[in-house]
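Structure first, commentary second.
The values are calculated or read from the model by the stated rules, or taken from the named source; none is laboratory data. As the structure is a computational prediction, the values presented were derived from the model and not from experiment. Here the Cβ positions follow ideal geometry from the backbone for every residue, glycine too, while neighbour counts run over all protein chains shown. With ligands, DNA and RNA removed, areas are computed over all heavy atoms of the protein, side chains included. Shrake-Rupley method; radii C 1.70, N 1.55, O 1.52, S 1.80 Å.
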Amino acid sequence: MKIQMRNLTLLLFVLLSSQLTSVFSWKKDEFRNCNQTPFCKRARNRNPGFCTLEAHDVSISAGELTAKLSPKKSHQDNPDQQDEDQVKPLILSLSVFQDGIVRLKIDEDPKLDPPKKRFEVPEVILPEFLNKKIWLQRHSTETIGGDNSPSSIVYVADGYEAVLRHDPFEVYVREKGGNRVVSLNSHGLFDFEQLRVKKEGDDWEERFKGHTDTRPYGPQSISFDVSFYGSDFVYGIPEHASSLALKPTKGPGVEESEPYRLFNLDVFEYIHDSPFGLYGSIPFMISHGKYRGTSGFFWLNAAEMQIDVLGSGWNADSGISLPSSQSRIDTLWMSEAGIVDAFFFVGPKPKDVVRQYTTVTGTPAMPQLFAAGYHQCRWNYRDEEDVENVDSKFDEHDIPYDVLWLDIEHTDGKKYFTWDPVLFPHPEEMQRKLAAKGRHMVTIVDPHIKRDESFHLHKEATQKGYYVKDASGNDYDGWCWPGSSSYPDMLNEEIRSWWADKFSFGNYVGSTPSLYIWNDMNEPSVFNGPEVTMPRDALHEGGVEHRELHNAYGYYFHMASTEGLLKRGDGKDRPFVLSRALFAGSQRHGAIWTGDNTADWDHLRVSVPMILTLGLTGISFAGADVGGFFGNPEPGLWVRWYQLGAFYPFFRGHAHQDTKRREPWLFGERNTELVRDAIHMRYMLLPYFYTLFREANVSGVPVIRPLWMEFPSDEATFSNDEAFMVGSSLLVQGVYTERAKHVSVYLPGKESWYDLRTGEVFKGGKTHKLEVSEESVPAFQRAGTIIPRKDRFRRSSTQMTNDPYTLVIALNSTQEAEGELYVDDGKSFEFAKGAYIHRRFTFSDGLLTSISIPPTSPGKARFSSECIIERIILIGYSVKPKTALIEPSNQKVEIELGPLLVKPRGGSAVTTVRKPNIPIAGDWTIKIL
Ligand SMILES: *[C@@H]1O[C@H](CO)[C@@H](O)[C@H](O)[C@H]1NC(C)=O
Ligand SMILES: *[C@@H]1O[C@H](CO)[C@@H](O)[C@H](O)[C@H]1NC(C)=O
């Protein structure tokens, strides 16, 4: 939740009148645009060819290609450049890692005594990644094309090379001796403002909306152009409420817009189609095209960033021409501070790029099974009685759910880790009652600490000097929910560890092992700060300015909270911490939601590209508030949101304090039924979802994916962000308009698709205009796949543990199919030692086979399950079988023909093997005769 506010009077007024939503709406003027942001304005106005740097002193050192970058003498009179005495050579290093990853670093030379060490973002790159470095022994030189000077070339792997052109300086990755993949500074827009000592007359202050940024180190921005070759579209760089395929922001025939902004902000009532920066930032872009495939570029930098996607012809009169290629997309990257620490990923398939990126920043953590269920949240469940009522109503209405959430009002005066003594006098008992039904609770813990002398946390943080400091060195004091607040310096490891200890059962009084955590407002949100956040000249450990790490503050906070749950108790259970702010690598710490959306159709629609984009950039476990946070959804919208949200990786209903109550049974019997069905669908599919969470955990490939990730050569999918794949077997299409009668669905590929509810068959490779059913959004199982389900309805996922499975086999034109199932204890870390079951099912020639997938990392721990398969459903099987023979038990079982799916409509034959009752964990075959 968030609010933006100029002063206390206004805050009081709002709290008294409780008119939040009608009083405010998105205020563009509260936030800086590029023109009001000097580094952005400067970089955006430069012309191609501006950069005069050349690489010299090129050599191999410590297994890397190193060089110095200096301006060419003849250009030093360029008036737009810094004083000659300030321009010291920069240090460049190029290193190569396994699996087609190239890293480029450019920084000031520490030997030349810069005024200060520039900030490098710690704790994002996995330590294991550094072990994958390929120690370079040599480089070759070659004069390429019409160049006057040589280029230095190093071999990457799998037929790729990295090239450093000396003059003009340029870096790129190419296929050996051939086509380029990704390049940097091909248009000469590179610029690196070096730190200087302030001289008389230098006015470095920046003012915005009554706030002054002292900028003691002056301008220190970095910018450069990056080009993607053979590219039809670029994607990524969340977080924006915008389309999946990024739109050009500049260029001929392009309606000029702001660049995509990466600056973590608490944006009140964000709008649904905008390059405006929201709560999180991941400076990772992915390119995809029909001819070359997929590639990626990641800039590890946590300062404010702005990125232009340049429309074709943007540089028509620059005289710079690049080697021809089928298609190319140029982009401009601008950051206020930091260093160049950039990664090139060669792909060439979509899943390769995601794997390469998550090799650097980590794959998503494996959640507990309960976290994949449905979450019920509201600002606020008033008191213990309210909690008890809501909980029992779920049972009364036969709707499963796993987690009940408490927002800020549960605390004693907005002091986190405390309980309101009147409203929540028995927190442990309350949690135990939920736990008895296999349910969990989540409470909110935000980073702002109430400056209240009687609050132990504040006293301790003050005494230990743990708060972020303002520019003059005092504890920074900002305004947030509790009023006057300070913010622990999460950059500091010691402070993170101190914070983590606060989650122990002893310290967090009233918490029990079934309690998990929600981090909100961690951008950080500061109601009276510039752009509703912390001033850029605030100071962290080691003199790091807030501007240098702003986009990662929430990341470190999330990390510390997750560490807290790992440390507490016996540390056996996997943590669950939801965060609003995010940065590259957040996937290792927990789940993310898309913040404070609005109950309208546009926000329902934009939730899909937002979650898909997060998934592409590593953050698979993401969702949007179902129903919309602000405002009151019409029942039609509310139902459609549940029907779509049931397929979000993170599935939570949430609502603002001023909205009407909207628990699933409050919209009349019919709507309750529809929402129950939607939530049931999620619970049926939990075994499939959990298997996908594991796939993400191992490979980085997200749970929900753009269509083009599964159909990379089908151009019709490239900009489709209305539909998405859940794993590789399901396609889901949202319904985004009120009382829609029809919806167009594009089903890719040559094979058929089966309606998930009715089994009706549809041809692939075409767009179908379908009648919309009230009962669900269109969802299809791809022919050639096998999906594991659990069809019995329980109160929570925990209670489904011993339930039997159903396998749904959708046959393709060759009468074949395959699928996987991953099962573990759903809770502990034993899976990391090998305690899990991972099966592959294949069907071909009328034979269904179950085999074990060998463990990725061998471990001694074992997991066993008594669960059986109670039903096998074959769709699209052209044979009319009579019986099924199970081996090795040599046992015959019954077969039922005909429509058995929920509501049969058309054509597809359904064969059901009833009660085969074979163990899920065993090796067996079933011959369908
Ligand atoms: C999977 O998730 C766990 C945390 O739940 C993490 O420790 C592990 O590194 C992740 N990746 C793999 C490959 O297991
Ligand atoms: C049918 O499905 C199987 C298993 O997924 C696959 O190996 C096979 O290539 C598919 N056949 C066609 C024609 O796509």
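With the cut-off at 22 Å, tell me which of the pairs Lys88/Lys116; Lys393/Lys660; Lys290/Lys351; Lys73/Lys116; Lys290/Lys349; Lys882/Lys915 have Cα atoms farther apart than that.
Lys73/Lys116
Each part reduced to its alpha carbon centroid, segment 446-471 and segment 772-846 end up 48 Å apart.
Of the listed peptides 485-496, 591-602, 157-168, what is their order by residue-averaged count of other C-beta atoms within 10 Å, with the highest listed first?
On the way: 485-496: 21.9, 591-602: 23.6, 157-168: 19.4.
Top of the packing list down: 591-602, 485-496, 157-168.
Which number do you get for Rg(Cα) / (2.2 N^0.38 Å) in segment 804-929?
Values: Rg = 15.8 Å, N = 126, 2.2 N^0.38 = 13.8 Å.
My calculation over the Cα atoms of segment 804-929 gives 1.14.
Shown is the FRET efficiency for Ser713 and Ile853, computed with R0 = 35 Å from the Cβ-Cβ distance and rounded to the nearest 0.05: 0.80. When peptides 331-341, 736-746 are sorted by average Cβ neighbour count within 10 Å, with the highest value leading, the order is 331-341, 736-746. Placing a label point 7 Å from the Cα of Arg862 along the Cα-to-Cβ direction, the residues of segment 821-846 whose backbone N falls under 12 Å of that point are 835-836.
The calculated Kirkwood hydrodynamic radius for segment 274-338 is 14.1 Å, given to one decimal from all distinct C-alpha pairs. Expressed as a whole percent, the proportion of Cα-Cα pairs in segment 473-569 lying more than 15 Å apart is 63%. Each residue of segment 408-524 gets 109 Å³ once the volume of the Cα convex hull is shared out per residue. Highest mean first, the peptides 126-133, 707-714 sorted by other C-beta atoms within 10 Å per residue fall in the order 707-714, 126-133. Once you sort the root eigenvalues of the Cα gyration tensor of segment 100-200 as a ≥ b ≥ c, which label holds: rounded (a/c under 1.5), prolate (a/b larger than b/c) or oblate (the other case)? Because a/c hits 1.5 or more and a/b fails to exceed b/c, segment 100-200 counts as oblate.
The residues of segment 804-929 expose, per residue, 49 Å² of accessible area to a 1.4 Å probe. Spin-label model, Val87 to Glu894: label points 7 Å out along the Cα-to-beta-carbon direction sit 8.6 nm apart.
In summary, the convex hull built on the alpha carbon positions of segment 637-749 has an orientation-averaged projected area of 8.7 nm².
Scaled against the 2.2 N^0.38 Å expected of a compact globular protein of N residues, the Cα radius of gyration of segment 89-140 reads 1.36. Taking a Cβ cut-off of under 13 Å around Ile339, the surrounding Lys, Arg, Asp and Glu residues balance to a net charge of -3, with basic ones at +1 and acidic ones at -1.
Only aspartates and glutamates eight or more places from Lys72 in sequence, or on another chain, were considered; those with a Cα closer than 17 Å are Glu54, Asp57, Asp80, Asp83, Glu84, Asp85, Asp147, Asp167, Glu170, Asp191, Glu193.
For segment 507-615, what Kirkwood radius comes out of the mean inverse Cα-Cα distance, in Å? Kindly include the intermediate steps, with their values, before the conclusion.
Values: mean 1/r = 0.0633 Å⁻¹.
For segment 507-615, the Kirkwood estimate is 15.8 Å.
Taking a straight Cα-Cα cut-off under 13 Å and skipping sequence neighbours fewer than 8 places away in the same chain, the aspartates and glutamates within cross-link reach of Lys209 are Asp29, Glu30, Glu531. Solvent exposure of segment 633-775, expressed per residue, is 32 Å² of accessible area, with all protein chains present and a 1.4 angstrom probe. Other residues with beta-carbon under 9 Å from the beta-carbon of Gln368 carry, at +1 per Lys or Arg and -1 per Asp or Glu, a net charge of +1. Here the sum of -39500 (n - 2.57) over DSSP H runs of 4 or more residues, divided by the residues of the chain, equals -5000 deg cm²/dmol at 222 nm, to the nearest 500. Cα-Cα pairs above 25 Å in segment 159-316: how many percent? Counting every Cα pair in segment 159-316, those more than 25 Å apart make up 42 percent.
Label separation (Asp167 vs Asp29): 5.3 nm, computed from points 7 Å beyond Cα along the C-beta direction.
Using r as the Cβ-Cβ distance of Arg792 and Asp395, and R0 as 22 Å, what FRET efficiency do you calculate, to the nearest 0.05?
Numbers: r = 15 Å, r/R0 = 0.70.
After rounding to 0.05, the efficiency reads 0.90.
Expressed as a whole percent, how much of the Cα-Cα distance distribution for segment 252-407 exceeds 28 Å? I get 47 percent for the Cα pairs in segment 252-407 exceeding 28 Å.
Using only the alpha-carbon atoms, how far is helix 635-645 inclined from the longest principal axis of the chain? Give it as 0 to 90 degrees, nearest 10. Approximately 80 degrees, to the nearest 10.
Among the cysteines of the chain, those whose beta-carbon sits 4.7 Å or more from every other cysteine beta-carbon are Cys51, Cys377, Cys480, Cys867. Please give every one of the aspartates and glutamates within straight-line cross-link reach of Lys572, meaning a C-alpha to C-alpha distance under 17 Å, and leave out same-chain neighbours fewer than 8 residues apart. Straight-distance partners of Lys572: Asp501, Glu563, Asp824, Asp825, Glu830.
State the percentage of accessible surface on the chain attributable to carbon and sulfur atoms; use a 1.4 Å probe and exclude ligands, DNA and RNA. Write down the numbers at each step before the final one.
On the way: 16150 of 33010 Å².
Ligands and nucleic acids excluded, carbon and sulfur reach 49 percent.
Suppose the Debye formula is applied to equal point scatterers at every Cα of segment 690-801; what is log10 I(q)/I(0) at q = 0.15, 0.18 Å⁻¹? Calculated log10 I(q)/I(0) at the listed q: -0.73, -1.00. For segment 34-361, the calculated P(r) over all alpha carbon pairs, in 10 Å bins from 0 to the bin holding the longest distance, is 5, 26, 37, 24, 7, 0 percent.
Distance between the 7 Å Cα→Cβ label points at Ile60 and Lys741: 7.1 nm. Please find the FRET efficiency linking Asp477 to Lys198, where r is the Cβ-Cβ separation and R0 is fixed at 25 Å, and quote it to the nearest 0.05. Once the sixth-power term is evaluated, E becomes 0.40.
Exposure check, 1.4 Å probe, all protein chains in place: Trp379 carries approximately 10 Å² of accessible surface.
In this structure, the residue pairs whose Cα-Cα separation is over 29 Å, taken from Lys133/Lys833; Lys132/Lys469; Lys105/Lys827, are Lys132/Lys469; Lys105/Lys827.
The gain in end-to-end length when the Ile144 to Val509 segment is fully stretched comes to 124.6 nm, 0.36 nm per residue minus the alpha carbon separation. Annotation: Cα Rg of segment 401-476 relative to the compact-globule expectation 2.2 N^0.38 Å equals 1.40. Between Asn47 and Glu669, the contour length at 0.36 nm per residue exceeds the alpha carbon distance by 217.6 nm. Taking amide hydrogens as placed 1.01 Å from N in the peptide plane, the amide H of Phe650 sits under 5 Å from those of Ala622, Gly623, each at least 5 positions away in sequence or on another chain. Here segment 528-681 was treated as a single set of alpha-carbon atoms; its pair distances binned every 5 Å from 0 give 2, 9, 15, 16, 16, 15, 13, 8, 4, 2, 1, 0, 0 percent.
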